[in-house]
Amino acid sequence: MRIDFAGRAAVVTGAGGGIGRAVALGLAALGAGVLAVDLSEAGGRETEKQGRAAGQDIVFQRADVTREADVAAYVGEATRRWGTIDIFMNNAGWQGPIAPISSYSLEDFERVMAINVGGVFLGLKHVLPVMTANGRGAVVNTASLGSHVATRNLGPYTASKHAVLGLTKTAALEVARKGVRVNAVCPGPVATAMLDEIEAAQAGGDAAELRRRRTASIPDGRYAAPEEVADLMIYLASDHARHITGQGIHINGGSHAI
Ligand SMILES: NC(=O)c1ccc[n+]([C@@H]2O[C@H](COP(=O)([O-])OP(=O)(O)OC[C@H]3O[C@@H](n4cnc5c(N)ncnc54)[C@H](O)[C@@H]3O)[C@@H](O)[C@H]2O)c1
């Protein structure tokens with residue numbers, strides 16, 4: 001199986017670190033032009049720098065995915081540069097504070113939902129018309145194992161990731177006859193800055209011990225590397241996945257295998 005994205009244009013949100021950076025660099029390495037979108041100037045510039053150093057066609061665009069004007073601007077920038085968007089990795093996310101629902105502020109709840117659900121919604125709203133006009137395209141939303149399984153003190157995040165699957169399935173039905181596929185990936189723990197922050201807050205001290213126990217509970221005994229999740233996203237965006245749409249695909253080392 002070979003994947004060649006030469007002549008294809010991709011947009012990746014949350015490309016300033018973790019899974020987003022891995023998938024942005026992975027797509028660009030396969031020949032795609034990549035717009036690397038992130039709120040973090042430092043993170044986005046670093047992704048751009050790494051790609052450029054490898055001779056890739058990758059450009060950073062600063063955007064807050066919760067702001068519709070920013071979303072319209074990144075879609076406009078990609079279409080101006082490459083004429084269309086073939087691949088969209090709708091990936092930016094935030095875990096929010098780690099706290100029980102009874103002490104969660106409405107403001108924090110709304111910020112988690114605005115990024116994880118509103119950002120995914122706005123991305124779909126603005127990218128899907130570009131793809132359907134072209135009769136071709138693939139979207140991968142980053143959902144989570146938390147789209148299926150609850151974790152104490154992560155209520156808003158868990159609710160938001162359940163919602164990402166709802167948007168994924170609905171969008172897939174709406175564009176299935178128009179040459180466009182929409183899927184989601186549902187990773188278990190992935191070794192990124194986000195997981196470091198979650199575990200530091202959950203442990204309230206010894207995160208190393210928490211990580212040891214948690215990795216021991218995963219059937220294959222480890223967390224995913226961001227590049228492993230990126231590989232699945234790239235497969236789903238490729239023509240090899242042409243009959244796959246409306247799905248949330250698990251990648252978690254066997255957790256919750258039934
Ligand atoms: N790390 C895990 O264990 C794990 C597991 C399942 C799902 N996920 C999901 O994977 C995705 C990527 O997370 P990650 O683990 O790579 O974390 P990360 O923190 O390394 O990356 C998230 C990126 O999103 C960006 N971002 C946050 N808010 C934004 C906004 N409003 N506008 C634009 N960019 C914004 C951040 O600046 C950051 O670069 C998220 O949707 C996350 O929920 C992560």
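The values are calculated or read from the model by the stated rules, or taken from the named source; none is laboratory data. Note that the structure is a prediction, hence the values are computed from the model and not measured. Glycine also receives a Cβ, built like all others from the backbone with ideal geometry; neighbour counts cover every protein chain displayed.
Quick notes
- Counting only helices (runs of 4 or more DSSP H) that sit wholly inside the range 100-193, those with at least 2 residues that are in contact with a strand residue (DSSP E or B) (Cβ under 6 Å, 6 or more places away or on another chain) are 119-134, 155-175.
- Candidates LEU122, LEU210, LEU165: the one that is within 16 Å of the ligand (Cβ to nearest atom) and not assigned by TED's automatic domain parsing to the domain that holds THR13 is LEU210.
- Pick from the range 127-148, criterion in contact with a helix residue (DSSP H, G or I) (Cβ under 6 Å, 6 or more places away or on another chain) and within 14 Å of the ligand (Cβ to nearest atom), ranking: farthest from LYS169 (Cα to Cα): GLY146
- Among the criteria (1) closer than 18 Å to LEU145 by Cβ; (2) modelled with pLDDT of 95 or more; (3) under 22 Å from the mean Cα position of the chain (by Cα), the one ASP220 does not fulfil is (3).
- Scanning the range 16-47 for residues that are within 7 Å of the ligand (Cβ to nearest atom) and buried (at least 24 other Cβ atoms within 10 Å of the Cβ) yields a total of 5.
- All conditions but one from (1) on the phi < 0 side of the Ramachandran plot; (2) more than 10 Å from the ligand (Cβ to nearest atom) apply to ARG62; the one that does not is (2).
- Residues of the range 149-162 satisfying the condition of being within 21 Å of LEU232 (Cα to Cα) and within 12 Å of the ligand (Cβ to nearest atom): VAL149, LYS161
- Residues that are part of a strand (DSSP E or B) and of a type in the set (A, V, I, L, M) were ranked within the range 65-94; the one that is nearest to the ligand (Cβ to nearest atom) is MET89.
- Residues that are in the same structural domain as GLY44 (by TED's automatic domain parsing), of a type outside the set (Ser, Thr, Tyr) and under 14 Å from the mean Cα position of the chain (by Cα) are absent from the range 66-82.
- Every pair of residues 6+ apart whose Cβ atoms lie under 6 Å, when the first sits in the range 91-102 and is modelled with pLDDT of 95 or more while the second is charged (D, E, K, R): GLY96/ASP108; PRO97/ASP108
- Filtered residues of the range 184-230 (kept if exposed (fewer than 14 other Cβ atoms within 10 Å of the Cβ) and closer than 28 Å to PHE121 by Cα): ALA193, ASP196
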